[in-house]
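The values are calculated or read from the model by the stated rules, or taken from the named source; none is laboratory data. All of these numbers come straight from a predicted model, not from anything done at the bench. All Cβ positions, glycine included, derive from the backbone under ideal geometry; neighbour counts span all protein chains shown.
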Amino acid sequence: MSEVIAMSKNRVLSLPVATRAAATQLRDAYDLFRLEKQGSLLSPASLSFYDLHVGKFISWLEVNYPDVGRFGDLDVDALRRYRAELAASPGRYDRHLSPETLLCSHRALRVFLRWADLEGYPVDSRLIRMPAPRVPHKEMTVFHMVQLRRLLAAASHSPVEELTIRILVGSGVRMSELYGLALMGPDGLPDLMLDSMDRGRAELRVRWDAGAKGRKARRVPVTAALAAAIKRYASRHRHPHDSPVLLINRYGQPFQKGGIESMMNRLQAAVGFRVHAHAFRHTFATVATQMGWNFERLRSAMGHSDYGILQRYVRLSSDRDLGSRRDWEEFIVADPSLRR
């Protein structure tokens, strides 16, 4: 019996037809869990996250533990075996799943099981208390100014690729937030805010309805040079399109995740060192810290809910020399708390 997880707008999880009767309570409970999350306005990406990880576990149970159809039948040994098989299973390119992926699975299942426990289902408390997989603290990938110049040179043939690099490193937006940027938002306002240009500052608006993580809107101070690059691209190089999104690919369509990832792969092949979209976010935070951004300003610009991860950028900023401040001022605003 094979696992089937069919992605769709209204229903992402589809379990094997031959085993539907065995997992009635678990599946029905997940349906209710998902409806509650959807009613709480959880983002489609977050719903898909739960559909993938919880759905995969339910499907696995149906194949390996066909008699486990209720929470009262689910014991900790089954979850232990599932986690062990998941850790040993091949992911992309026949490599084992990353520790981060295993941690995502753990977190999704824990949220679901905690919800079920609060709902009154007989959940074994040991399932909820299982320790999280250990995830190594890898060194963050950040770019030196020399590397950034090489990336811009490699992208110089493509106005949209060059602008993508400048936006990523100059604002620290996530990839999902990048392709949500628009010339004009649904409220009639542009995502590039120029109200403070008389003081040499602009702001990039990350909207709650355009990919902002946790649906938390924010504004990021950006340099006048980045604002000019966005305006230049929009007026001279952007392929005409009915969509209001800013970035249009070479085929005349709005960029999506796969297109950005392909762009990163092309750039990596051109420059010879690792390139991924999140490395620009790490670079932005590290350089902003070196340029005097205070914790609250940086937390707000990054869209973090707490200060924990920012401590890593502070430590990194004291360890790494990424180039001269003067060079970086072309790309990242220097201490936005200082008013002109």
Q. In segment 65-106, what residues are under 25 Å from Pro122 (Cα atoms), among the small types (Gly, Ala, Ser) and outside any helix (DSSP H, G or I)?
A. Gly69
Q | Asp67 vs. criteria among the acidic types (Asp, Glu) and out of contact with any Asp or Glu (no Cβ under 8 Å at 6 or more places or on another chain) | A | no
Q: Any chance you could count how many residues in segment 107-147 are within 12 Å of Phe71 (Cα to Cα), small (Gly, Ala, Ser) and either assigned to a helix (DSSP H, G or I) or touching a helix residue (DSSP H, G or I) at 6+ places or on another chain (Cβ under 9 Å) (or both)?
A: 2
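Quick check, is His282 free of Cβ contacts under 8 Å to residues at least 12 places away in the same chain and surrounded by fewer than 21 Cβ atoms within 10 Å (Cβ to Cβ)?
Working: free of Cβ contacts under 8 Å to residues at least 12 places away in the same chain: no; surrounded by fewer than 21 Cβ atoms within 10 Å (Cβ to Cβ): yes.
No; evaluated as a whole, the condition is false for this residue.
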Q. Which of the residues that make up segment 103-142 are basic (Lys, Arg) and more than 30 Å from Gly323 (Cα to Cα)?
A. Arg107, Arg110, Arg114, Arg126, Arg129, Arg134
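Counting only residues that are assigned by TED's automatic domain parsing to the domain that holds Ala224, acidic (Asp, Glu) and closer than 19 Å to Arg149 by Cβ, give me the helices (runs of 4 or more DSSP H) lying completely in segment 269-340 with at least 2 of them. Spell out how you get there, then give the answer.
Values: elements: 277-290, 295-302, 310-319, 325-328.
Correct list: empty, since no element meets the threshold.
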(Q) Which of the numbered conditions does Arg207 fail, given that it passes all the others? Conditions: (1) within 21 Å of Ala279 (Cα to Cα); (2) under 22 Å from the mean Cα position of the chain (by Cα); (3) without any contact (Cβ under 8 Å) to a residue 60 or more places away in the chain; (4) surrounded by 13 or more Cβ atoms within 10 Å (Cβ to Cβ). (A) (1)
Q) Can Ala23 be described as modelled with pLDDT under 50, outside the structural domain of Ala210 (by TED's automatic domain parsing) and surrounded by 12 or more Cβ atoms within 10 Å (Cβ to Cβ)? A) yes
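Restricting attention to segment 251-260, does a residue exist that is over 30 Å from Leu41 (Cβ atoms) and assigned to a strand (DSSP E or B)? Steps first, please.
In the first step, residues of segment 251-260 are kept if they are over 30 Å from Leu41 (Cβ atoms); the result is 251-252.
Among the residues that remain, those that are also assigned to a strand (DSSP E or B) are: none.
Taking every residue of segment 251-260 in turn, none turns out to be over 30 Å from Leu41 (Cβ atoms) and assigned to a strand (DSSP E or B).
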Q: Filter segment 48-95 for residues that are surrounded by fewer than 15 Cβ atoms within 10 Å (Cβ to Cβ) and either of a type in the set (Val, Ile, Thr) or not assigned by TED's automatic domain parsing to the domain that holds Asp31 (or both) and give the result.
A: Val63, Val76
Q. Here is a list of conditions, (1) closer than 20 Å to Arg281 by Cα; (2) modelled with pLDDT of 85 or more; (3) in a loop (DSSP other than H, G, I, E, B), and Gly211 meets all of them except one; can you say which number that is?
A. (2)
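Going through segment 136-147 one residue at a time, which ones are within 20 Å of the chain's Cα centre (by Cα) and exposed (fewer than 13 other Cβ atoms within 10 Å of the Cβ)? Full working, then the answer.
Here is the first cut: in segment 136-147, the residues within 20 Å of the chain's Cα centre (by Cα) are 136-143.
Within segment 136-147, Pro136, His137, Lys138, Glu139 qualify.
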**Q.** Residue tally, condition touching a residue at least 40 places away in the same chain (Cβ under 8 Å) and either crowded, with 19+ Cβ neighbours inside 10 Å or not in a helix (DSSP H, G or I) (or both), over segment 148-161
**A.** 7
Q.
Going through Arg199, Arg174 one at a time, which residue ends up being exposed (fewer than 15 other Cβ atoms within 10 Å of the Cβ) and in the same structural domain as Lys257 (by TED's automatic domain parsing)?
A. Arg199
Q: Give me a count of the residues in segment 162-199 that are under 14 Å from His276 (Cα atoms), part of a loop (DSSP other than H, G, I, E, B) and not small (Gly, Ala, Ser).
A: 2
